[in-house]
Amino acid sequence: MNSPNLRRGLAALALLAVAAPHAHAAVRPAARVPRSDTTARPAAAVPLLGIVQDAEGRPLPSVRVSLSQLGRATTTAADGTFAFQNLRPGVYHLDASLLGYAPQHVVVTVPEDGALPRVTITLEASPLALAGIQVTASPTAEDPLRVPQSTTQLAGKELGRNLRASVAQTLAEQPGIRARYAGPGASAPVIRGLSNERILVLQDGQRAADLSSTSSDHGLSVDPLSATQMEVVRGPASLLYGNNALGGVVNVISNDIPTTVPSHVEGFLAGQAESVNPGGAASGGLTLPLGSSLALNLRAGGRDVDNVRAGGGQTLANTAFTNLSGTVGLGYAGGDLTAGVAYRGYGFEYGLPFNQDPEGGEEAGGEAGVRLDGMRHEAVGRADLALGSTGLTSLRADGTAQWYTHDEIEPSGEVGTTFRLGTQTANLTARTQLGRVSGAVGASALFRQYSPEGEEALTPDANSNSFGVFLFQELPVGAVAPGEAHTPRIQLGARFDQYVIDSRDGGERFGPGRSRTFRNVSGSVGASVPFGHEVTLSGSVARAFRAPTVEELYSNGFHAAVGSFDVGNPALEQETNLGGELVLRARTAGINGQLSAFYNRIANYITPSVAGDTLVAEEDGALLRVPLSLYRQEDASLRGLEGQVEAAVGGHWVVGAMGDFVRGDFESGGPLPFMPAARAGGSVRWDDSHYSLGVDVRRAFAQDRVSANEFATPGYTLVDVAGGINLIRGGLVHSITLRADNLFDEEYRDSTSRIKEFAPNPGRNLSLVYRVLF
């Protein structure tokens, strides 16, 4: 990507910013819901109409209202009204959420006689960050209080307070989550000490098929400014997602396929600027009704930032980052069928930090001035069919086709290596209801075609194919009233996967093509026990797996990003995790918190191990001595604690505390590499739901339990200050957040960073985030 393309893209965003308010004004808001509660209508074409208001009865615009069991969602118009068309008679669960307010869940019955139901939802203002419905942790959307695993949800004001230049940095302050940082362009999540191919990143529930998980110099091709919500599931999630979800799942939700026809033009505009990465980002989107059953979604965004200012006044050279993204989505919402297609495009160009110490040698941290220039194209399709029959209640089919490529450009301007990845996915999920037992059964397929080209390619070409089937069922214990969410429940799940990886003939360097097949049975047992309507204790035991990657099996070359010569092991076996977790949750009018403890034992844990050094020839013929890294396996264990709580203490004051700790060890002794340091922190915030001002202090302790040849990191303390404004004016919802991160410009190095020895983390940062919803 080049800067003229970026300027043209940002100019298009400016036009969108000008046009959006006019489009909003040009469409007449939906008519108010009639005063009478029912109106006779044919049973086959019953809409569900409603209005969302605050505690004083004032209508609230831009409230997101979801019909979770049908996978449909819409937003309220300027007068607070919303509508879902063509619903069968039955019981429906509505969830409403808006920044600055506590989410609300209501149950509505569409009667058999064809009467038109009307619902009024009242949202209470709340200074707490209260999570709404959870869509990532189970095949059926859940109240977070019922999910047996530890989860995180960022939306509304909480997302604005945490928004950074990358998805990983945005999530890095949450308990149990860190960022594998190599500049804003090459950053990926770390969950409970696990990263790379053990963490699966989704966009709207679909794999983001890039190469961010394969190497520390590869970035994630999703920009956080496009998100309306982010969800994280900690711990094994192989039951639903198969391979690559051994450590957890991150789902960036942008709702690119419309699931209902809005009664008005709905959308958003957003902007972000940071001083630590001088420059800015912009994003905007519109959803347009096209008649009674079709809707069009348009979204575009761009980011252009300069080199990172690290703590202590340093500048990390070659870390400038640009991206452009865009989406076109078309959705159909009929009586029993909801379907849609979308195209996503994401282009990027960024550089990698390198060792600027002449005595250390530039090559110690990767080649000086290497930049990555690439693109990801994605076609997405989804269809949901309501069956209304006994046993099977609905059926969902979805799939993607993605084409990813990036060039690694040398300081001379020549392309050193080109990476290409083709990915196709297909999923079929049926929701079930047998008496009081509900759940889902499903099947999935994944196909990947990987092709590195160039002298610095680490592996041969390889294709991967995966097939899986799963069963998930939830059984309430005791009597259950319609819509009752706080009943003891048992969750059972099982999955079978077959994963095949075929390498192609790689000549003298990589040898003949080889094929490996891995089969595995995963399973989980979970339970949630409520204590009243506001506290639950949940627990789960799960078995999950991960097949080795092409890099771990077949690497044979100098890896400039980490400065080592990597050699794979074709005999590697799959990793198998057996672990358990306990989670205590509280969600009341004055307290919101989650505390979890976990233990995981991973058989055949795969890790690179330094076995002496070797010589590598440079372009000028000189020889460079670098570490020789061999992939090996050994049983390992991870255990830890993490938690976060906020409490409203009166007078609009909110106090909070957080902490996390994880310890990873090989069975033979010694720590797992790049383990996060323990953290503890506290916060104080004044928040009347419209205006807020707060301070957050976090202490990361020293991490000196490190593997051989790994750099130990000292402890550090970070102080952040944030203020926010959230206002509703003229049918628009405005959110403005001004932050000062790392207020005292602390120079620190995160223990999870692969380049921590020579590249400190970001320094003092002034950040402005603005978002308007309409």
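The values are calculated or read from the model by the stated rules, or taken from the named source; none is laboratory data. Computed from a predicted model, the values in this text were never measured in an experiment. Positions of Cβ are backbone-derived with ideal geometry, glycine not excepted, and every protein chain shown enters the neighbour counts. Please note that ligands, DNA and RNA were not included when accessible areas were found on the heavy atoms of the full protein model with its side chains. Shrake-Rupley method; radii C 1.70, N 1.55, O 1.52, S 1.80 Å.
Quick one, can you get me the convex hull of the C-alpha atoms of the range 493-568 expressed as volume per residue in Å³?
Working: hull volume 10.5 nm³, N = 76.
Expressed per residue, the convex hull around the Cα atoms of the range 493-568 is 139 Å³.
Taking 0.36 nm per residue of separation and subtracting the current Cα-Cα distance, fully stretching the chain between A379 and L294 would add 28.7 nm. When all alpha carbon pairs of the range 238-297 are counted in 5 Å bins from zero, the resulting P(r) reads 4, 13, 15, 12, 12, 11, 18, 11, 3, 0 %.
In whole percent, and with a 1.4 Å probe on the protein chains, what portion of the accessible area of the chain is carbon and sulfur?
Details: 17060 of 29000 Å².
Reported share for carbon and sulfur atoms: 59 percent.
Taking all C-alpha pairs of the range 556-705, those more than 24 Å from each other amount to 56 percent. The convex hull built on the alpha-carbon positions of the range 213-337 has an orientation-averaged projected area of 10.6 nm².
Using Stokes-Einstein with the Kirkwood hydrodynamic radius over Cα pairs, what translational diffusion coefficient do you get for the range 54-171 at 10 °C and a viscosity of 1.306 mPa s, in µm²/s rounded to a whole number?
Numbers: Rh = 15.8 Å.
Translational D for this selection: 101 µm²/s.
Here, the range 628-695 yields an orientationally averaged convex hull projection of 7.3 nm² when only Cα atoms define the hull. The Kirkwood radius of the range 386-427, taken over pairs of alpha-carbon atoms, gives through the Stokes-Einstein law at 10 °C and 1.306 mPa s a diffusion coefficient of 113 µm² s⁻¹.
Would you mind getting the accessible area per residue of the chain, heavy atoms of the protein chains only, 1.4 Å probe, in Å²?
Heavy-atom SASA per residue in the chain reads 37 Å².
Rounded to the nearest angstrom and listed largest first, the equivalent-ellipsoid semi-axes of the range 444-518 from its Cα gyration tensor are 47, 12, 8.
Taken over the range 717-774, the convex hull of the Cα atoms encloses 95 Å³ per residue.
Given the alpha-carbon gyration tensor of the range 216-256, what are the semi-axes of its equivalent ellipsoid in whole angstrom, ordered largest first, with each equal to the square root of 5 times an eigenvalue?
Details: eigenvalues 82, 43, 15 Å².
So the equivalent ellipsoid measures 20, 15, 9 Å along its semi-axes.
Grouping the Cα pair distances of the range 262-412 into 10 Å bins from zero gives a pair-distance distribution of 10, 25, 25, 18, 13, 7, 2, 0 percent in increasing distance order.
In this simple spin-label model, placing a label point 7 Å from the Cα along the Cα-to-Cβ direction at both R436 and F531 gives a separation of 2.4 nm.
In the chain, the longest principal axis of the Cα atoms and the axis of helix 3-26 are about 10 degrees apart. Residues with amide H under 5 Å of Q229's amide H, sequence separation 5 or more or different chain, H placed in the peptide plane at 1.01 Å from N; which? Residues meeting the amide H criterion: I253.
Label positions at A622 and V695, each projected 7 Å from the Cα along the C-beta direction, are separated by 5.0 nm.
Assuming 0.36 nm per residue, please report the length gained on full extension of the stretch F711 to A611 beyond their Cα-Cα distance.
Details: separation 100, 0.36 × 100 = 36.00 nm, distance 1.71 nm.
Working it through step by step, the gained length comes to 34.3 nm.
In terms of overall dimensions, the C-alpha atoms belonging to the range 436-565 reach 68, 30, 20 Å along their principal axes, ordered largest to smallest.
Each Cα pair under 8 Å and six or more residues apart adds its sequence gap; the mean of these over the residue count of the range 143-212 is a relative contact order of 18 percent. Label separation (A401 vs T315): 4.6 nm, computed from points 7 Å beyond Cα along the C-beta direction.
Centroid-to-centroid, using Cα positions, the range 217-290 and the range 52-73 are 20 Å apart. Convert 25 °C to kelvin, take the viscosity as 0.890 mPa s, use the Kirkwood radius over C-alpha pairs of the range 123-240 as Rh, and evaluate the Stokes-Einstein diffusion coefficient in µm²/s, rounded to a whole number. Approximately 165 µm²/s, per Stokes-Einstein. Ranked from largest, the principal axis spans of the Cα set of the range 575-618 equal 65, 28, 13 Å. For the chain, the residue among L738, V697, P139 whose Cα projects farthest onto the positive side of the dipole built from Cβ charges is P139. Scanning residues 5 or more positions from T315 or on other chains, those with amide H under 5 Å from its amide H are A310, with H placed 1.01 Å from N in the peptide plane. For the range 142-185, the alpha-carbon radius of gyration amounts to 1.33 times the rule-of-thumb value 2.2 N^0.38 Å expected for a compact globular protein. Computed on the chain, with alpha-carbon pairs under 8 angstrom and 6+ residues apart, the relative contact order is 11 percent. Across q = 0.05, 0.08, 0.09, 0.11 Å⁻¹, the chain modelled as identical point scatterers on its alpha-carbon atoms has Debye log10 I(q)/I(0) values of -0.24, -0.64, -0.82, -1.28, in the order of the q list. When the helices of the chain are scored as -39500 (n - 2.57) per DSSP H run of n ≥ 4 and the total is divided over every residue, the value at 222 nm lands at -1500 deg cm²/dmol.
Work out the P(r) tail for the range 379-496: percent of alpha carbon pairs separated by more than 17 Å, whole number. Walk me through the intermediate numbers first.
Working: 4827 of 6903 pairs.
So the pairs more than 17 Å apart make up 70 percent of the total in the range 379-496.
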